[in-house]
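Everything on this sheet refers to the single structure shown next.
The values are calculated or read from the model by the stated rules, or taken from the named source; none is laboratory data. Nothing here was measured: the structure is a model prediction, and the numbers come from that model. Note: ideal-geometry Cβ built from the backbone for every residue, glycine included; neighbour counts use all protein chains shown. All accessible areas refer to the heavy atoms of the entire protein, side chains included, with ligands and DNA or RNA removed. Shrake-Rupley method; radii C 1.70, N 1.55, O 1.52, S 1.80 Å.
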Amino acid sequence: MQSIEANGYSIFFNEIGYERINQIIDENKYSSIFIIVDEHTNEFCLTKLLPNLAVEIPIEIIEIEAGEVVKNITTCVEIWSILSDLSADRKSLIINLGGGVITDIGGFVASTFKRGIDFINIPTTLLGMVDASIGGKNGVDLGNLKNQIGVINVPKLLLIDTNFLETLPQKEMRSGLAEMLKHGLIFDKNYWNQFLDLKTLNFEDLDQLIYRSVEIKNEIVKQDPTENGIRKALNFGHTLGHAIESHFLESSSPLLHGEAIAIGMVLESFISKEKKLISNTDYLEIKNTICNIFDKHQFSENDIKSILELMIHDKKNEYGKVQFALLNGIGKTTINQEIDNKLIINSFEDYKN
Ligand code: NAD
């Protein structure tokens, strides 16, 4: 598969990516390599990566716990301290091997350690491949508020090796699918149409679907790296989705990122329909397709109240106003939309039915 040019780095697919990584390590004369993993990517992915690294400099592994609950500044302090104890210097390289949690934390740690050292992203989840590792957003949560602390900074290289997906649990695959559906909904109706009947898809189609998803995300980010305009379209489903994810983060049954975004997309499609931006037929197609893939979630009145409050902290808010990216037909979006709470409450009512 052809590599894809991003803003200031390239995205490589499968074997060729490992060759490029070895070249980059050689050309940049790094002093040492630190691979950040979580407990699962240490077990399932590291053994696939290490034989492909043809380097003679020291390699250290830094393992953190898995999951969103560790995506916070305490974990960053732990990693910075390990780097420091192991004498990492400005010529050290960090390789982030994991899902969105690892690339978000690892990118942030690398961007801030000694005012910034180089990093490479190797996403190992579907969500990481099609979304989290692309576009330069790195950072951590603040309490249960998502992604409040962070920087925009790009990796030296991004390698997508779909072989890592062999060990990824089904639930996590579905979570990544949510962002692929979003890419179709906001940017490419033909791409969306391919997901209408998942039974017709097989594993061989997956590589191509991932490739197109990466192209879409990259295309949008390239046009607007710092999110002043078109990049906000990527937030479709996320204004409510992030608040839903935050609300359930510390509950006994937290939602995966993609699961929360899937619900957010149904709710925000309802709002798009009520604003006469999409037809009722389009809305029902979106709702049915998403609800066929993702289990329905129950929301009490208190849940909805707390979700509305959490929305106030959304990163996209400007001048204290909550801003939505809504669909403007399937495959198109309109950004900076202010929405009454009443309409949001109605969207939860409709989701229930
Ligand atoms: P994750 O990183 O928590 O990974 C999900 C689970 O899969 C973890 O338990 C992990 O250990 C395990 N895992 C990873 N790779 C595996 C493999 N190959 N085999 C077996 N198990 C494996 O979650 P995620 O869904 O990848 O990412 C979610 C995060 O991404 C959220 O924090 C979200 O905010 C962030 N995100 C960031 C951006 C961005 O632009 N920076 C965009 C979207 C999402």
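See the values below:
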item	result
Net length gained if the chain between ILE152 and GLU219 were fully extended (0.36 nm per residue, minus Cα distance)	22.5 nm
Residue-normalised accessible area of the chain, expressed per residue, 1.4 Å probe, Å²	43
The stretch 170-352: relative contact order as a whole-number percent, Cα under 8 Å and 6+ apart	28
Cut-off under 5 Å, modelled amide H: who pairs with THR333 long-range	ASN328
Using alpha-carbon coordinates, inclination of helix 203-223 to the longest axis of the chain, degrees	90
Surface share of carbon and sulfur [accessible, 1.4 angstrom probe, percent] for the stretch 4-167	49
Förster radius 41 Å - calculated FRET efficiency between LEU198 and GLN2, Cβ distance, rounded to 0.05	0.95
Rg ratio (alpha-carbon, reference 2.2 N^0.38 Å) - the chain	0.97
Stokes-Einstein D in µm²/s, Kirkwood radius over Cα pairs - the stretch 170-352 at 37 °C with 0.692 mPa s viscosity	199
Contact order normalised by residue count of the chain, Cα under 8 Å, 6+ apart, percent	15
Solvent-accessible area, 1.4 Å probe, carbon plus sulfur percent, for the stretch 170-352	46
The stretch 142-242 - percent relative contact order, Cα under 8 Å, separation 6 or more	25
Over the chain: helical MRE at 222 nm, DSSP H runs n ≥ 4 each giving -39500 (n - 2.57), nearest 500	-14500 deg cm²/dmol
Residue among LEU201, LEU83, LEU97 with the largest mean-square fluctuation in a Gaussian network model of the chain, springs linking Cα atoms under 10 Å	LEU201
Accessible surface, 1.4 Å probe, highest first, among residues LYS352, LYS342, LYS156	LYS342, LYS352, LYS156
Beta bridges by DSSP in the chain, antiparallel share as percent, to the nearest 5	35
FRET E, pair TYR319, GLU19, Förster distance 41 Å, beta-carbon r, rounded to 0.05	0.25
Net +/- balance of residues flanking GLU65 in space, Cβ distance below 12 Å, scoring K and R +1, D and E -1	-4
Loop GluC sites (Glu not before Pro), the stretch 1-103 (other Cβ atoms within 10 Å of the site Cβ: 14 or fewer; DSSP)	GLU56, GLU65
Between 0 and 90°, nearest 10: helix 301-311 axis offset from the chain longest Cα axis	50
For the stretch 4-167, alpha-carbon Rg and Dmax in angstrom	14.2, 41
Angle between the chain longest axis and helix 170-187 axis [Cα atoms, degrees, rounded to 10]	70
